[in-house]
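Enquirer: Supplied in structure tokens, the structure appears directly below.
Rule-based calculations on the coordinates, nothing more; no lab input. Please read all numbers here as calculations on a predicted model, not as lab measurements. All Cβ positions, even for glycine, are placed from backbone atoms using ideal geometry, and neighbour counts span all protein chains on display.
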Amino acid sequence: MMRIRLTSFLLLLAAPAVAQDGNPPSLSTFSIVACDPVNGFLGVAVQSRVVGAGSIVPAAEADAGAIATQANANVSYKRRGLEMLRAGRSPEEVRAEFVRTDPGIARRQFAVMDKQCRVAPFTGDSAQAWAGHRSGPNFSVQGNILTGPEVVDSMASAFRAAEAAGRPFGERLLAALKAGQAAGGDRRGRQGAGMLIVKAGAGYGGGDDVYADLHVEDAPEPILELERVYNVWMTLFHPDDHFLPNGSQSVSAPGGPHICALRNLLARAGHGTPTEAQFCAFDEEVIPALKAFQRVQNLPVRAALTPETAARLRQVTSARP
């Protein structure tokens, strides 16, 4: 009898979320809406016990703002909210309009951020417990059907720490999701995840503002799978933001646009010459300039771009016009 009960319990945990009343399943989830005012990024990242959460919850446009809609999600918020933000309405005004016009508002949860990084979150009184949000400069985290408030508290702390450390914007979003899951996450389990990041002109070939739009529809560890896909995406499409000196990832065989970024930063610091090339090699144009910079900065002198050297280089060049 005990074996049968245990088997039934494990099957329940493994089963996908199913609506019992014919309505769509509640988007019990945790998410973050955030911005990077220095580099112009806006984004949303989410994890849920519902397949396709990365398609349902987030919306963002560089000339408007970013929105996450969840719990008994009203997906019309995405289009309507972005239209209002684009027209100059504040996040607080958008929130007030949703509250005024939506008869199901008590069951909703959402966060609205504009392109100035102002944010207005909302958690309805009838959102399934535990439900709540935390917000601060440049972010809002929110969730429902969570193990407790420690989920959003941990997410907020992780985002602040990643931002203070200067980590790339996508890594800040991932840090928040991973911290939320480590603190307990969605008390029903895991299934889908997603990340949407926008920046003006940063889409494929410069044709739009979609910097990254990544989805994990159904996976045992959706956040870890999202992180893996993110690293593959960034390596291929945004290596200059992913690898040192601008990013955080080391590269064993340096060659590419990130080395052009290194060469230009070194030139701004007074070492070597800048370039307009799209692909550069770690060669005699770069290595002597790198060693000269390390020598002046009292860093270990070696033909390697260490995280310490990259951080000092960013610090020196950010202080120069």
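Enquirer: Between Asp102 and Ala219, what length in nm is gained on full extension when 0.36 nm per residue of separation is reduced by their alpha carbon distance? Walk me through the numbers before you get to the answer.
Expert: Working: separation 117, 0.36 × 117 = 42.12 nm, distance 3.31 nm.
The span from Asp102 to Ala219 would gain 38.8 nm if fully extended.
Enquirer: Report the residues of segment 250-277 in range of a label on Ala292: point 7 Å along Cα→C-beta, backbone N strictly under 16 Å from it.
Expert: Zone members listed by number: 262-275.
Enquirer: While we're looking at this one, here's another question. Sequence gap at least 6, Cα distance under 8 Å: using those rules, report the relative contact order of segment 29-237 to the nearest whole percent.
Expert: Working: 527 pairs, mean separation 51.6, N = 209.
Dividing the mean separation by the residue count of segment 29-237 yields 25 percent.
Enquirer: Now, a different point. May I ask you to list the residues of segment 203-236 whose amide nitrogen lies under 14 Å from a point 7 Å from Cα along the Cα→beta-carbon direction of Gln278?
Expert: Taking a point 7 Å out along Cα→Cβ of Gln278, the residues of segment 203-236 whose backbone N falls under 14 Å are 204-207.
Enquirer: Let me ask another. Based on the alpha-carbon gyration tensor of segment 51-165 and its eigenvalue square roots a ≥ b ≥ c, which shape applies: rounded if a/c is under 1.5, prolate if not and a/b is larger than b/c, or oblate?
Expert: Here segment 51-165 falls in the oblate category.
Enquirer: Report the residue, chosen from Gln297, Gln116, Gln128, that carries the largest GNM mean-square fluctuation when the chain is represented by alpha-carbon nodes joined by springs under 10 Å.
Expert: Gln297
Enquirer: Now a separate question. For segment 246-311, what class follows from the C-alpha gyration tensor (a ≥ b ≥ c being the square roots of its eigenvalues): rounded when a/c is under 1.5, otherwise prolate if a/b is larger than b/c, else oblate?
Expert: Details: a/c = 1.62, a/b = 1.19, b/c = 1.36.
The shape class here is oblate.
Enquirer: A further question follows. Over segment 130-272, calculate the relative contact order: mean separation of alpha carbon pairs under 8 Å at least 6 apart, over the residue count, as a percent.
Expert: Details: 206 pairs, mean separation 20.8, N = 143.
Relative CO of segment 130-272 lands at 15 percent.
Enquirer: Quick check: residue separation of Ala164 and Glu93 times 0.36 nm, minus the Cα distance between them. What number comes out in nm?
Expert: Working: separation 71, 0.36 × 71 = 25.56 nm, distance 2.98 nm.
So the extension gain works out to 22.6 nm.
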